[in-house]
1. Roughly how many Å² of K211 are accessible to a 1.4 Å probe, to the nearest 10?
2. In debye to the nearest 20, how big a dipole does region 1-63 give about its Cα centre with +1 on each Lys and Arg Cβ and -1 on each Asp and Glu Cβ?
3. Kindly report the accessible area of region 35-282 per residue (heavy atoms of protein chains, probe 1.4 Å, no ligands, DNA or RNA), in Å².
4. Using helices alone, what [θ] at 222 nm do you get for the chain, with -39,500 (n - 2.57) per DSSP H run of 4 or more residues, divided over all residues and rounded to the nearest 500?
5. Starting from the 7 Å offset along Cα-to-Cβ, what nm value, one decimal, do you get for the label separation of T67 and F20?
6. Ignoring ligands, DNA and RNA, what percent of the 1.4 Å accessible area of the chain is carbon and sulfur?
7. What number comes out for the charge environment of A124, summing +1 per Lys or Arg and -1 per Asp or Glu over other residues with Cβ under 15 Å away?
8. Using the Kyte-Doolittle scale, which helices in the chain average at least 0.5 and also have C-alpha atoms spread 20 Å or more along the helix axis, with helices defined as whole DSSP H runs?
Amino acid sequence: MPILRSAFIALSQNASLRKFAEQSEMGRRMSSRFVAGMEIQDVVRAAKELADLGIASTLDSLGENVTTPGEARRSGEVYHRLLDAIESQKLNANVSLKLTQMGMDLDPGLAEEIVAELVQHAVAANTFVRVDMEGSQYTQATIDMVRRIHALPGNRGHVGVVIQAYLYRSAQDIRTLTGEGIRIRLCKGAYKEPASLAFPEKKDVDANFVKLMQLLLTSGLYHGIATHDEQMIAATKQFVREHGLDPRSFEFQMLYGIRRDLQRSLVKEGFPMRVYVPFGTEWYPYFMRRLAERPANALFIAKNLFKK
Ligand code: FDA
């Protein structure tokens with residue numbers, strides 16, 4: 001793993017730096033490139049602006065690894081408010097959440113209860129809950145929980161999960177999940193994983209991404225191909241063309257503030273596009289993972305900080 005990526009991932013876990021950054025005005029300004037704001041109204045505004053460009057959203061209330069059941073329930077409440085906003089304001093949006101934000105480290109039963117209630121709410125609001133994928137210690141438990149919740153009456157098609165191309169296990173997981181009709185977001189993977197579980201080399205992650213994309217696009221379900229990598233996007237477009245697939249039978253997904261040019265050009269070409277829009281005060285670990293993916297971002301943000 002390149003040294004800067006490791007350094008930013010290590011920084012993403014530094015508690016004192018996190019506290020300092022999240023409370024400082026400078027920190028908030030830095031994060032605004034990748035985070036839509038601190039309040040629900042900010043994320044709603046961002047979703048509407050994207051909708052004007054023909055782009056759908058998935059709304060994310062930032063936060064992970066909560067330490068009390070009260071915090072977990074409060075995280076769930078924010079998502080209920082997001083689902084209400086999606087319904088009442090008719091947003092072209094769904095939500096993305098993390099299980100550790102719903103208390104997974106404290107009590108997996110509590111996390112499951114909170115997520116199952118949110119999925120029920122999403123069914124009523126005619127939208128969808130995406131369960132993000134975190135580090136590999138959570139992979140199996142996340143997949144199992146999504147399968148159980150998806151199997152509950154009325155939930156089919158209203159909850160899905162994320163699969164990471166860097167893990168060796170992912171092709172098998174895709175077969176299991178698509179066999180049950182579960183929709184998947186494919187991404188490369190953003191955590192630090194050992195070579196015993198994940199491809200250490202980018203070229204192997206990329207090759208696996210292409211293979212998994214092909215599995216998804218031929219599964220008959222509507223999936224998300226989440227990447228800013230032009231080569232992955234070109235490979236997806238080529239596969240769609242060669243197999244005569246409907247370009248609207250899946251969606252591309254990108255992160256808020258990243259490759260906005262590419263987001264717009266894919267929409268112009270007729271591909272559905274969804275942007276992951278995070279908001280909230282707990283932006284620090286998310287932000288540092290974005291710097292880890294592209295250390296040049298640190299320079300870019302520093303420069304823009306001093307621009308009017
Ligand atoms: P890669 O990192 O190879 O980058 C390719 C190119 O994309 C770069 O050269 C650059 O041009 C551009 N780029 C990539 N990252 C950038 C950045 N931060 N800033 C500016 N440019 C950038 N991960 C995970 O483990 N669990 C999850 O649930 C999710 N969920 C998720 C949702 C969505 C919608 C997206 C787009 C991504 C995720 N991810 C994720 C993150 C994902 O695993 C991965 O870390 C990033 O998407 C970066 O990988 P790329 O595929 O973009 O390619």
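1. Roughly 110 Å² of K211 is accessible to a 1.4 Å probe.
2. Working: 8 positive and 7 negative charges, 55 e Å.
Using only the charged Cβ atoms, the result is roughly 260 debye.
3. Details: 10380 Å² over 248 residues.
Accessible area per residue: 42 Å².
4. Details: 13 runs with 156 residues, N = 308.
The helix contribution divided over the chain gives -15500 deg cm²/dmol.
5. 1.9
6. Details: 7590 of 14150 Å².
Here carbon and sulfur together make up 54 percent of the probe-accessible area.
7. Details: positive: R81, K90, R156; negative: D84, E87, E117.
The answer is 0.
8. Details: long enough: 69-88 (29 Å, -0.81); 108-124 (24 Å, 0.75); 202-217 (22 Å, 0.27).
Length and hydropathy pass: 108-124.
The values are calculated or read from the model by the stated rules, or taken from the named source; none is laboratory data. Because the structure is predicted, anything quoted here is derived from the model rather than measured. Backbone-built Cβ (ideal geometry, glycine too); neighbour counts: all protein chains shown. Please note that ligands, DNA and RNA were not included when accessible areas were found on the heavy atoms of the full protein model with its side chains. Shrake-Rupley method; radii C 1.70, N 1.55, O 1.52, S 1.80 Å.
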